[in-house]
Amino acid sequence: MATAETGQDDAAARQDSGSGIRSTGVRRAVRAVSRPGQWKRGPVLAASALLLGLFMLLHAQITDFGGLGSLVETFLPWFGLFVPVLLAWALWRRSPSAVVALLLPAVVWLNLFGGLLGDRSHPGGDLTVAQHNVGEGNPDPVGTARDLAASGADVLALVELTHQVRGTYEKELAEAYPYHTVQGTVGLWSKLPLSDTRPVDTRMDYGPLGDTKPAEVKMAYNRALRTTVATDQGPLAVYAAHLGSVRLMPRGGFWTDSRDRNAQALGEALAAERNERVVLLGDLNGTTDDRAFAGITSLMRSAQDEAGDGFGFTWPAKFPVVRIDQILVRGVEPQSSWVLPATGSDHLPVAARISW
């Protein structure tokens, strides 16, 4: 009896001792954080955290001189990597002020991109669409065509088709897709009938004396088309487009003139489209966060943003860091969106399942 009671007393004493140690630890931590000197540590870190948060929050206000605004918005999700870096530095410096300041960029980033981290796809769908920049320097167009045919897409848009490989894609895709059209360097293959097909004027720059060049020459460089796909649920307007390239110029900054001009013209064409159901498949050479696409994104929704899994980066194929290959919709519901396996191109193909 005495031994049992003694054991109970010892256990109670140890419990009280543990509680006392924890209470003492909490009080010490509170006192440490409460010291005025602690909050003065790392002022540069705290300022950097606040500037990062404001930078992401106000990215739309950044000047686009030299394409700076577009460049920032293209890689905007990657600025979130600075948050854990600054947090590790703040903890090493034991700077409470910097840790608190980091709440701003963390909340801003999560508000902008947190919704893209999970799987947003849904089962089902009526039609599968896909898009691929097959790459002018693709060493294996035959393998690329066969991989795309095996994807199961009902409607397939290909861009950056050269005259030399056009016949290869037409031959390899003929069995899977009885209907197709090629307008310049963009083409569309379909398991369903096509009609009302025409090129879309995206105000291409044909160089000196461009206005006087023959129509067949201009047509060879056409980079956008519009067609109607006949479905069981009615007509679906499909656009395929390849907008102008962007370049980092040593003296001119982020050059986007051609792409921005093309985007504006494509936006005007989409605004004039009378069909209620519209799908845009294309290499836009920019992300949907880029202000240059406001005329398009105000009319269309990203299938990846609504029904994808993650960011769905597509370029460069070996280590994708941005999504510049897009599937945008209007009047239909994206059920799922995904990135297809790599081909011989420097872009990854993309696909989406849509429903009426």
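Below is a table of values for the structure above.
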item	result
Helices (runs of 4 or more DSSP H) fully within the range 1-92 counting 1 or more residues that are modelled with pLDDT under 85	2-34, 36-39
Options K218, K213; residue that is farther than 26 Å from V332 by Cα, surrounded by 15 or more Cβ atoms within 10 Å (Cβ to Cβ) and modelled with pLDDT under 95	K218
Residue satisfying all of: in the range 288-327; buried (at least 24 other Cβ atoms within 10 Å of the Cβ) and part of a helix (DSSP H, G or I); modelled with the lowest pLDDT among these	A292
Whichever residue in the range 256-268 is crowded, with 17+ Cβ neighbours inside 10 Å and not polar (S, T, N, Q) and, among such residues, is farthest from Y221 (Cα to Cα)	G267
Which numbered condition V108 fails, given (1) crowded, with 21+ Cβ neighbours inside 10 Å; (2) among the aliphatic types (A, V, I, L, M); (3) under 13 Å from G187 (Cβ atoms)	(3)
Qualifying residue in the range 233-242 (condition: hydroxyl-bearing (S, T, Y) and assigned to a strand (DSSP E or B))	yes
Residues that are part of a strand (DSSP E or B), among the small types (G, A, S) and more than 9 Å from E306 (Cβ to Cβ), drawn from the range 328-343	S336
Qualifying positions in the range 340-356 - modelled with pLDDT of 95 or more and surrounded by fewer than 22 Cβ atoms within 10 Å (Cβ to Cβ)	L340, P341, A342, G344, D346, S355
Complete set of residues in the range 319-356 that are under 17 Å from L236 (Cα atoms) and among the hydroxyl-bearing types (S, T, Y)	S355
Filter result for T314 (among the hydroxyl-bearing types (S, T, Y) and over 17 Å from L284 (Cα atoms))	no
Pairs with Cβ under 7 Å, 6+ apart, first in the range 277-303 and closer than 14 Å to A60 by Cβ, second at pLDDT 95 or above and of a type in the set (A, V, I, L, M, F, W, C)	T287/V322; T287/I324; D289/L76; A292/A263; F293/A263; F293/L284
Count - residues of the range 344-356 that are in contact with a strand residue (DSSP E or B) (Cβ under 9 Å, 6 or more places away or on another chain) and either part of a loop (DSSP other than H, G, I, E, B) or without any contact (Cβ under 8 Å) to a residue 40 or more places away in the chain (or both)	6
Boolean, A130 is farther than 26 Å from S258 by Cβ, crowded, with 18+ Cβ neighbours inside 10 Å and among the small types (G, A, S)	no
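Residue-wise test of (1) in the same structural domain as R41 (by TED's automatic domain parsing); (2) assigned to a helix (DSSP H, G or I); (3) without any contact (Cβ under 8 Å) to a residue 12 or more places away in the chain.
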{"position": "P105", "(1), (2), (3)": "yes, yes, no"}
{"position": "N111", "(1), (2), (3)": "yes, yes, yes"}
{"position": "H132", "(1), (2), (3)": "no, no, no"}
{"position": "N138", "(1), (2), (3)": "no, no, no"}
{"position": "V142", "(1), (2), (3)": "no, yes, no"}
{"position": "D147", "(1), (2), (3)": "no, yes, no"}
{"position": "S151", "(1), (2), (3)": "no, no, no"}
{"position": "Y169", "(1), (2), (3)": "no, yes, no"}
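The values are calculated or read from the model by the stated rules, or taken from the named source; none is laboratory data. A quick note: this is a predicted structure, and the numbers were derived from the prediction, not measured. Using ideal geometry, Cβ is built from the backbone for each residue, glycine included, and neighbour counts are taken over all protein chains shown.
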